[in-house]
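One structure is given here, and the rest of the page talks about it.
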Amino acid sequence: MKMKKIWLSSPHMGGKEQTFVQEAFEGNWIAPIGPNLNEFEKDICKYTGANHCVGLTSGTAAIHLALKILGVDHGDYVLVQSFTFCGSANPIVYAGATPVYIDSENLTWNMCPKALGQALEDFERKGLINKVKAIIPVHLYGMPAKMDQISFIANKYGIPIVEDAAESIGSSIRNQQTGTFGDLGVFSFNGNKIITTSGGGGLVSHSKEHIDLARKLSTQAREDAPYYQHEMVGFNYRLSNVSAGIGRGQMMVLNQRIEQRRSNFERYMRLFERLGISEKIKVQEEREIRFSNRWLTAVYFDPVYFFKDTSEKLRIHLDATNIESRPLWKPMHMQPVFKDCLFYGTAVCEDLFNYGLCLPSGSNLNEEDWLRIENEITNYFN
């Protein structure tokens, strides 16, 4: 008999979600407006410290709107982390601009400040610095990027930051929440995230003008008139009141989910220590100023000690027992669709892709699940 599927990161309800959803049905707020949506946006602001928030259909939609708000258009360039999901990069193309990919650094695996600086210096030499309209760092797998250094470089050139915190709600640097360092911050509430609205996202900013414009653009840019008047092109990006009800319930258990994800990470570290390989496996490092929600436990098998195919063979081994794991992100500059785009760095992110793996990290893993995971990883390395 086939064993139960253990997912990489599945939704985990807290119990209050159905109450808020039922309220939406009882009040007939089955629309992209309503009490749940208003309260969910307030919850996000209260939790993150952002001044303003708009609930949207996805994190990708949030990045797209952020770029439109910043005036990104045809002929412009946006510098974005290469080691990420395509949702960080595709909106640049939606806006008509060209993505320029920046390598990772070894500590957090996120945007390398040195490579970012080299890219901007190159654009300045070419007389194109005024065409660089935004920088998009990503807090990958919940680990905060080096925002102090990235922000310093961005400010030097006067380039706004769109902070992709899709995977990192609840993570922080010196107790400041990710998503609040840039001009605009993006969250994702997709089904596999640490909290979910089934599908959804959020855009936050300290600027009321930015979020007011985002809210307008997300509802087809309708003007304040008794008829449908449009003076700019808008989008159908507003989160539904029903989905926001799920989000309200999820926000109530966010801190608990973070504790559970971080506990998963620590359990894997103890397992690797028992197997005698903890010194041969690298992970994203918090150090003293960063706090990660550890959305996913991601590991790198040091090629000094492991073969190149170790991560893939372990993935196949786990899959054979119905346990899902996943390779680290394939860098965007290696994707066929972006093969002609510029890349700055030393290929750190390519190395991470070749030797890395994301392990099952759901907050709803039970002891039976853990015994299976630990047993199969032990069998593989033995």
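Coordinate-derived values only; no laboratory data. In this text the structure is predicted, and so the values were computed from the model without any measurement. Backbone-built Cβ (ideal geometry, glycine too); neighbour counts: all protein chains shown.
Things worth noting here:
- Structure-based [θ]222 nm, the chain - -39500 (n - 2.57) summed over DSSP H runs of at least 4, per residue, nearest 500: -11500 deg cm²/dmol
- Amide H to amide H, with H built 1.01 Å from N, Val132 comes under 5 Å of Tyr77, counting only residues 5 or more places away or on other chains.
- Computed over the chain: relative contact order in percent, which uses C-alpha pairs under 8 Å that are six or more apart: 25 percent
- In order along the stretch 212-220, phi translates into HN-Hα couplings of 4, 5, 4, 5, 5, 5, 6, 10, 6 Hz, rounded to whole numbers, per the Karplus curve 6.51 cos²θ - 1.76 cosθ + 1.60 with θ = phi - 60° and x for Gly and Pro.
- Positive end of the dipole of the chain (Cβ unit charges, origin at the Cα centre): among Gly75, Phe353, Thr98, the Cα lying farthest that way belongs to Phe353.
- Bridging of Lys282 to aspartates and glutamates at a Cα separation below 14 Å is possible for Glu105, Glu266, Glu273, Asp302, Asp351, once same-chain residues fewer than 8 apart are set aside.
- The aspartates and glutamates within cross-link reach of Lys2, meaning a Cα-to-Cα straight distance under 16 Å and a gap of 8 or more places when in the same chain, are Asp319, Glu324, Glu368, Asp369, Glu376.
- Under 5 Å, built H, 5+ apart or other chain: amide partners of Gln81: Ile102, Ile136, Val138
- Computed lengthening from His74 to Asp309, 0.36 nm per intervening residue step minus Cα-Cα distance: 80.5 nm
- The HN-Hα couplings worked out from phi for the stretch 143-160 by the Karplus form 6.51 cos²θ - 1.76 cosθ + 1.60 (θ = phi - 60°) are 8, x, 6, 7, 5, 4, 6, 5, 5, 4, 5, 4, 5, 4, 9, x, 9, x Hz, whole numbers, x standing for Gly and Pro.
- Restricting attention to the chain, close to 60% of DSSP beta bridges with both partner residues there are antiparallel.
- Distance in nm between pseudo-label sites at His206 and Val233 (7 Å out along the Cβ direction from Cα): 3.3 nm
- Descending by average beta-carbon neighbour count within 10 Å, the peptides 79-92, 346-359 line up as 79-92, 346-359, the highest first.
- Separation in nanometres of the label points that stand 7 Å from Cα toward Cβ, at Asn38 and Arg270: 4.7 nm
- For the peptides 143-156, 327-340, 220-233, the ranking by packing is 143-156, 327-340, 220-233, with the highest mean count of neighbouring Cβ atoms within 10 Å listed first.
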